[in-house]
Every structure is written in structure tokens, then in C-alpha cells.
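Have a look at the structure below, then the notes.
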Amino acid sequence: MSGNGSGQQDVDIDLGGLFRAVWDRRAKVLLATACVAALAFGAAKMIAPDYQSETRVLIESREPEFSGSNQSAQSGSDRVFDESGILSQVQVFRSADLIKQVARNMKLYDLKEFDPSSDPSAVSDLMVMLGLKKNPLEMPPEERILKEFNSKLQVYQVEKSRVIAIGFTSKDRQLAAAIPNEMAKVFLSLQSGAKLDTNSEASRWLEPEIANLREKVRDAEAKVAAYRSSSDLLPTGETTNFATRQLTDISSELTRVRGERANAEARAEGVRAALSSGRDADTIADVIGSQTIQRLKETEANLQGQVADLSTTLLDGHPRLKALKSQVEGIRAQIRSETRKILSSLENEAKVGELREQQLIQQLNALKAKSAQAGEEEVGLRALEREATAQRQLLETYLARYREATSRTVDATPADARIISNAVVPTGASFPKVMPITIVAALATFLLSCIVIMLSELFSGRALRPVSAGTERPAVRSRPAIAAVAAAQGADEKKVEISPALNDAIDLPPLAPLVAEEADDVAENPSGETAEPDFSIEAVADHLRKNGVRIAISVSPGGDEGSTATVMLARLIAEEERKVVLIDLTGSACPTRLMARSAQLPGITNLLAGEVPFTETIHADRFSDAHIIPQGDSDPRMAMRGIERLQMIIDALTNAYDLVLVECGPADEGAVDKIARRGDAEIILSAPAVSDERIVEVLTGFGEAGYRDIVLMTGRGEPGPDYTDRHAA
């Protein structure tokens with residue numbers, strides 16, 4: 001807490017003083033805690049204990065065992081107890097009729113616990129006389145017992161289930177277990193009785209309805225039979241009569257006869273075409289199938305074979321050859337004659353089929369007229385059948401319902417619930433819990449006592465201490481370079497003067513001279529955290545992080561050793577969960593070899609040459625979360641033509657990364673000047689294993705070029721000489 005204003009001094013809360021004040025008054029705190037705990041223990045012991053027990057009932061659909069399987073399945077599917085159904089059963093448990101039935105069964109009217117108003121105290125009578133309280137005896141005894149019973153009753157649905165819990169609290173442990181069990185029994189009997197009443201009413205209503213329906217079904221079926229006999233609609237199946245069946249048979253026969261006639265005509269036409277064209281009839285199936293023609297063909301083949309044999313030894317004019325040839329011609333004539341006979345047979349078959357078709361058509365026409373008349377008469381028959389079927393189905397439904405209702409009218413009809421957990425006599429009291437009450441009272445007293453003591457200390461001002469800005473000594477370890485100089489000069493003098501040139505060299509604002517005592521402290525602790533300038537990779541990483549540097553350009557006069565240190569710097573920064581990307585502008589591609597998976601990946605040269613898109617040049621480091629834009633495999637001279645695009649590339653990367661680290665290798669100040677045009681770019685001189693003369697030379701060159709603030713990174717934490725124009729990170 002602090003105060004601001006003229007004449008006021010800043011103050012702060014002395015936490016140590018607060019705890020000391022509590023500790024100084026520990027005897028009082030402990031005494032108050034013990035007294036309150038004892039009072040709570042005694043009060044809890046004096047309270048008459050209450051006992052609580054609980055019965056659990058599962059709400060589910062239940063049917064008698066002797067009911068049919070179909071009835072049980074149907075009933076179970078019809079009764080689905082949803083959330084509202086379970087809550088409705090909870091209200092049934094709380095109903096006045098059920099509670100009154102339980103009170104009558106267990107004779108609760110005789111117990112004073114359920115009617116405390118029957119024996120009022122003197123204070124209660126006085127309040128009634130003064131009109132401050134309504135006389136409870138004016139209420140009926142049942143209402144008084146009902147009110148007291150509800151105050152002790154707890155009925156609730158167990159979460160995400162169809163289980164109802166019935167809890168009851170009583171001074172008598174036996175009664176606490178007996179009442180929930182009796183409530184569950186009364187509930188089951190009420191549910192079963194309601195189902196019995198429903199089934200009895202259904203049975204009484206169904207009996208006359210079934211008798212009436214039987215007469216209607218008998219009359220409807222008699223009308224159907226009489227109408228069918230008078231209309232000559234003899235049934236031949238479930239949906240057809242005799243006329244329809246005969247019409248169907250003749251139609252099928254007509255279709256078959258037409259097919260046979262068409263087949264015979266087609267075969268005759270084929271034989272006729274073969275004879276008229278003079279070609280062999282061997283390709284016709286009817287001709288080939290004739291046994292006579294087959295025998296003639298065999299004889300013709302034998303004679304031709306003999307002619308062929310004799311032609312080798314006899315001349316064509318020999319009588320033997322002439323006789324054989326004459327026989328061959330005769331056999332061929334017989335084959336043609338047999339073919340004509342087959343043609344005549346096929347033509348006769350076609351004519352017979354045509355005559356048969358005409359007869360069937362005449363019969364079909366006659367049956368059509370008869371079937372049409374039967375169809376008109378069948379309309380009336382179907383109307384009668386529908387009426388009879390409807391009456392029969394209704395009768396069967398009523399009979400099934402009647403049998404089901406009759407089977408349920410016996411006392412074995414179960415309720416749609418069952419007890420899954422009976423209440424047992426409780427062994428311990430539900431209230432009061434002596435030990436928890438005592439512990440809570442003691443703990444609350446202890447905390448309140450401590451709070452009261454602390455508030456009194458704060459309001460009295462004893463726990464406040466003044467804060468003086470002039471009494472705070474500057475931290476020596478925050479200025480390591482200054483501390484080193486003070487230790488070197490010694491503590492002989494009263495004042496230790498600080499060199500302004502040294503302050504300018506390390507880019508720190510001028511400080512007031514250190515007093516001799518402070519110099520002594522510095523000299524006695526030469527091994528402090530930053531007693532000497534730290535040029536290690538860790539110090540450079542910490543410098544970049546604390547100063548929020550977004551762009552850093554690393555120059556490595558020593559070549560690959562400095563580039564390796566830059567790679568280590570990038571990985572160290574990535575380990576601190578900062579997004580860093582390293583751009584490889586070296587000639588040796590050392591960072592690419594150390595970080596990229598392959599030296600042939602597209603990189604900065606490809607990007608400057610415009611050969612690849614921006615996203616294809618960024619790759620992940622193999623051993624850390626850092627990213628790298630490798631050297632690439634494009635022509636360096638072509639890439640240098642687009643060096644003006646490098647600054648735009650770096651600006652784009654700063655939008656996606658916390659640090660953009662550019663490794664230039666052993667570049668001079670002229671080369672760095674092409675990419676370090678922004679004022680917020682940090683120059684890092686990565687010079688491990690480089691001589692002091694070389695470092696001074698490089699720093700001098702950069703200083704002449706106008707770069708004053710350069711961070712030196714030697715890769716080690718050893719102190720170095722005071723180089724011109726360098727930062728100690």
C-alpha cells in the first residue's frame with residue numbers, strides 16, 4: 001500500500017510484522033480456538049440425534065408371467081417412462097393419500113414425534129394467547145401429521161436413472177427404516193390396484209360388445225355365401241373364381257397354339273425356299289431329322305465312293321460307271337421327293353394349328369362375355385366380404401383384449417415398479433456430526449482470530465513501513481563492466497570515479513560515482529554473475545530476448561567457426577520458445593550444411609532470382625524448432641541482381657517470426673550496408689577463435705562506416721579487452 005501527495009511518504013505492508021503479531025498472540029488464538037471447539041463439541045453432544053434411512057424403487061414396466069409373450073412385448077413397448085414420467089411417480093410418493101395410508105398402517109397418530117403440537121409448551125401457549133402464533137390445535141390431526149411427515153420426508157430421482165429414492169429422518173432409528181419400506185409397499189399396492197381397476201372395467205365393457213359382434217360376423221358371412229351361390233361365383237383360389245380361371249387357361253392355350261402354328265409355317269417356308277432355289281436341303285433341321293433321307297444320303301455316299309474308286313481304273317464311258325452314276329441320280333430324285341413330303345407335312349401342321357386357333361378364339365370370346373358378367377357380380381361380393389372381414393377382425397381384437405384383461409384381473413398383476421433396495425436400521429446418526437462440527441468451528445475460530453489481529457495491526461499502522469527511494473542502493477551486478485573497474489582501482493580512496501569513456505564504450509548512461517563502501521563490496525565479490533563482460537552465446541541470446549530485437553545481422557570474420565556459433569545462437573533462441581529463422585548469405589553455406597536436410601534445397605539465391613515462391617524456401621532445422629532459409633542452388637550472380645528484394649524479404653519475415661537472423665559470413669562493412677539499412681537491425685560480430693587484433697580491425701572498420709553499437713560474440717564467457725564500438729551482451 002502506498003500513499004501519494006505532498007508531504008506524504010510511500011508506505012508498504014510489512015507482511016513479516018503481520019505474522020509476528022499473530023505469533024505474539026498465539027496463546028490467545030489457541031485458547032479461543034480450544035474454547036469454541038469445546039462449546040461446539042458439547043452443543044453437538046446435547047442435540048438429540050436424528051437417524052435417516054433410504055429405500056430405492058426402480059420404475060419399469062412389468063407384466064404377469066402367465067401373459068403371452070406378444071402381450072408382454074407390446075405392453076413393454078407401449079409404456080416408456082421418460083423424465084416427466086419418473087417425476088410424476090415422485091409426486092405420487094409425496095401425495096397426501098399415500099402418506100395418510102402409511103400413517104394409518106403404522107399408527108403414527110399415537111406418536112408425539114409426528115404431532116408435537118398436541119402437547120404444546122408454556123412458551124407456545126403464551127404466544128398463542130398474545131396472538132403472536134396461530135393455535136396449532138385448530139388444525140385437524142391428519143393435517144398436523146401430514147405437515148410433520150413432509151418435513152422429515154425426502155423423495156428424489158437418482159440422477160440419470162429410473163430409480164426413485166425415499167429417505168426419511170426420525171428420532172427413532174427403527175422408525176427411520178420402517179417408514180420408507182412401508183411407503184414403497186403402499187405405492188406398489190396402489191399401482192397394482194389401479195391396474196386391476198382398469199382391467200376390470202375393460203372386461204365389463206368388452207363382454208356385451210363381443211356378443212354383439214359375434215352376431216354381426218355370423219350374418220355378414222351368411223350373406224357372402226348366399227350371394228356367391230346365387231351368382232355362380234365358385235372360388236378356385238384366394239382371389240379368383242371359376243370363370244376367371246377358365247379364361248386364363250384358354251388364353252394360355254391360345255398363345256401356345258399360335259406359337260406352334262407360326263413355328264410350322266416358318267419351317268415349311270424354309271423347306272419351300274430351299275426347293276425353289278435348287279440348293280441342298282441338308283441345312284434344314286426337318287430334312288436332316290428324317291430317317292428316310294438319312295438312309296438315302298448314306299446310300300448316295302456309298303455309290304459316290306464306288307464311282308470315285310472305279311474312275312481311277314475305268315473310263316467315263318464304261319458301263320459300270322454309267323450304271324453307278326444312274327443309281328446316284330435316282331437316289332437324289334428320291335431325296336427331293338422325300339423333301340416335298342416333309343414340306344407337305346409342315347403345311348398340313350400349320351393348317352391344323354390355324355383351325356385350332358380359330359376354335360380357341362371363339363371359346364375365348366364367349367368366356368370374355370361370361371367373365372365380364374362375373375366381374376360385375378363380384379363387385380357386390382367383395383363389398384360383402386369386406387364387411388364380413390372387418391367385423392371378424394374387430395371381433396378377434398376384442399377377444400384378444402378381453403382375454404388379456406381377464407388374465408390381469410387376478411391378484412398377481414404386478415405394479416410398474418419394484419423395490420431394489422430396502423431401508424435398513426441406521427447405525428449412526430445423520431445429524432449432528434460431532435467431529436466435523438467441532439473441527440469446522442475450531443478452524444473458523446482460528447482463521448477469524450488471525451484476521452482480526454491482522455486487521456487491527458493494519459488499522460493501527462504498526463504493520464506499515466515507509467519506503468524511501470534514496471535508501472535503495474543500486475544493484476552492482478546489473479552493471480558488470482562498472483563493477484570490474486571499481487574492483488581494479490581498489491578501495492583506498494573515499495570516492496571511486498567512473499570513466500565516461502568506458503560508459504560510452506559499453507553504451508550505458510553515465511552513473512554517479514560509487515562510494516568506497518560499494519567499491520569494497522564489489523572487490524570482495526569478483527565472481528559475481530556479471531562481474532566481467534560476458535561474450536558467450538547465452539549472453540547474446542539473452543540480450544536479443546530482453547531488448548526485443550527483431551532483426552540481427554551476424555558477421556563472422558573467422559569464417560565457418562563464426563557461422564557455427566550463429567547456428568548455435570539460433571537454436572538456443574528457439575529453445576526459449578521464440579520463433580526464429582536464419583538466412584544463409586555465406587559463401588561456404590556452412591549454416592545450410594548444419595541445419596538443412598539437404599544442400600540442394602531451394603533457398604535465398606533462388607528467391608532473389610525469382611525462381612521459386614516464398615514458402616518453398618523456408619525449411620525446418622534438423623535438431624531444433626528453428627527455421628532456415630538455405631543458400632540455395634541458383635546462380636549467385638543472377639541472385640545479386642535482385643539484392644534490392646532482400647530488404648522486402650526480411651520485412652516480410654518479421655511479420656511471422658520473433659527474430660530474423662542473417663548470417664553474412666566474413667563480410668565487410670560495405671556488404672553489410674546493403675542489408676542493414678533499417679535502424680532497428682542489430683549487428684553481431686561472431687568471432688570465436690579470432691585474434692584480438694583482427695577483432696579491433698573489424699570493429700574499427702564498422703565504426704568508420706557509421707556502425708556504433710555492435711554486439712560481440714566470442715562463444716565463451718571470458719572477459720576480453722575494451723574493444724572500440726562494441727556491446728557486452
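The values are calculated or read from the model by the stated rules, or taken from the named source; none is laboratory data. In this text the structure is predicted, and so the values were computed from the model without any measurement. Cβ: placed from backbone, ideal geometry, glycine included. Neighbour counts: every protein chain shown. Quick note on the areas: whole protein, heavy atoms, side chains included, nothing else; ligands and nucleic acids left out. Shrake-Rupley method; radii C 1.70, N 1.55, O 1.52, S 1.80 Å.
Reported count of residues in the stretch 558-572, each being surrounded by fewer than 22 Cβ atoms within 10 Å (Cβ to Cβ) and within 22 Å of residue 666 (Cβ to Cβ), is 7. Considering each residue of the stretch 126-141 in turn, none proves to be open to solvent by 40 Å² or more (accessible area, probe 1.4 Å), under 21 Å from residue 97 (Cβ atoms) and at pLDDT 90 or above.
Give the residues of the stretch 625-645 that are surrounded by fewer than 19 Cβ atoms within 10 Å (Cβ to Cβ) and closer than 19 Å to residue 661 by Cα, sorted by residue number. Spell out the reasoning first.
Taking the stretch 625-645 first, the residues surrounded by fewer than 19 Cβ atoms within 10 Å (Cβ to Cβ) are 625, 633, 635-638, 640-645.
Of everything in the stretch 625-645, those that are surrounded by fewer than 19 Cβ atoms within 10 Å (Cβ to Cβ) and closer than 19 Å to residue 661 by Cα turn out to be 625, 643, 644, 645.
Within the stretch 303-322, the set of residues being open to solvent by less than 100 Å² (accessible area, probe 1.4 Å) and either outside any loop (DSSP other than H, G, I, E, B) or in contact with a Lys or Arg (Cβ under 9 Å, 6 or more places away or on another chain) (or both) comprises 303, 304, 305, 306, 307, 308, 310, 311, 314, 319, 321.
Of the numbered criteria (1) modelled with pLDDT under 85; (2) over 60 Å from the mean Cα position of the chain (by Cα), the one residue 212 fails is (1).
For the stretch 44-73, the candidate set comprises residues that are open to solvent by 40 Å² or more (accessible area, probe 1.4 Å) and modelled with pLDDT of 90 or more; within that set, the residue that is farthest from residue 403 (Cα to Cα) is 52.
Each row is one residue, and each column tells you yes or no for (1) open to solvent by less than 40 Å² (accessible area, probe 1.4 Å); (2) farther than 28 Å from residue 82 by Cβ; (3) of a type outside the set (D, E, K, R).
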position: 151; (1), (2), (3): no, yes, yes
position: 158; (1), (2), (3): yes, no, yes
position: 163; (1), (2), (3): yes, no, yes
position: 170; (1), (2), (3): yes, yes, yes
position: 177; (1), (2), (3): yes, yes, yes
position: 183; (1), (2), (3): yes, no, yes
position: 186; (1), (2), (3): yes, no, yes
position: 192; (1), (2), (3): yes, no, yes
position: 222; (1), (2), (3): no, yes, yes
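Looking at 257, 287, 271, which one is at pLDDT 80 or above and either open to solvent by 60 Å² or more (accessible area, probe 1.4 Å) or in a helix (DSSP H, G or I) (or both)? Exactly one of 257, 287, 271 is at pLDDT 80 or above and either open to solvent by 60 Å² or more (accessible area, probe 1.4 Å) or in a helix (DSSP H, G or I) (or both), namely 257. Restricting attention to the stretch 648-690, the residues that are within 16 Å of residue 565 (Cα to Cα), at pLDDT 85 or above and open to solvent by 60 Å² or more (accessible area, probe 1.4 Å) add up to 1. Taken as a whole, the condition of being modelled with pLDDT of 75 or more and outside any helix (DSSP H, G or I) does not apply to residue 400.
Which one is nearest to the chain's Cα centre (by Cα) among residues in the stretch 598-621 that are acidic (Asp, Glu) and open to solvent by 50 Å² or more (accessible area, probe 1.4 Å)? Let's see the steps before the verdict.
Initial filter on the stretch 598-621 (acidic (Asp, Glu)): 611, 616, 621.
If we keep only those that are open to solvent by 50 Å² or more (accessible area, probe 1.4 Å) as well, we get 611, 616.
Working: 611: 44, 616: 35 Å.
Step by step, filter the stretch 598-621, then rank; the result is 616.
Residue 357 falls short on exactly one of the conditions (1) modelled with pLDDT of 80 or more; (2) among the acidic types (Asp, Glu); (3) open to solvent by 50 Å² or more (accessible area, probe 1.4 Å), and that condition is (3). In the condition set (1) under 48 Å from the mean Cα position of the chain (by Cα); (2) surrounded by fewer than 14 Cβ atoms within 10 Å (Cβ to Cβ); (3) under 30 Å from residue 39 (Cβ atoms); (4) at pLDDT 85 or above, residue 437 is compliant with all but (2).
Please state which one of 569, 582, 594 is in contact with a helix residue (DSSP H, G or I) (Cβ under 7 Å, 6 or more places away or on another chain), in a strand (DSSP E or B) and within 17 Å of residue 626 (Cα to Cα). Break it down stepwise before answering.
Values: 569 fails: in a strand (DSSP E or B); 594 fails: in a strand (DSSP E or B).
On inspection, the qualifying residue turns out to be 582.
Whether a residue is in a helix (DSSP H, G or I), modelled with pLDDT under 85 and of a type in the set (Asp, Glu) was assessed, and residue 693 passes this test. Could you run through the stretch 573-588 and say how many residues are farther than 20 Å from residue 603 by Cα and surrounded by fewer than 19 Cβ atoms within 10 Å (Cβ to Cβ)? So the answer is 4.
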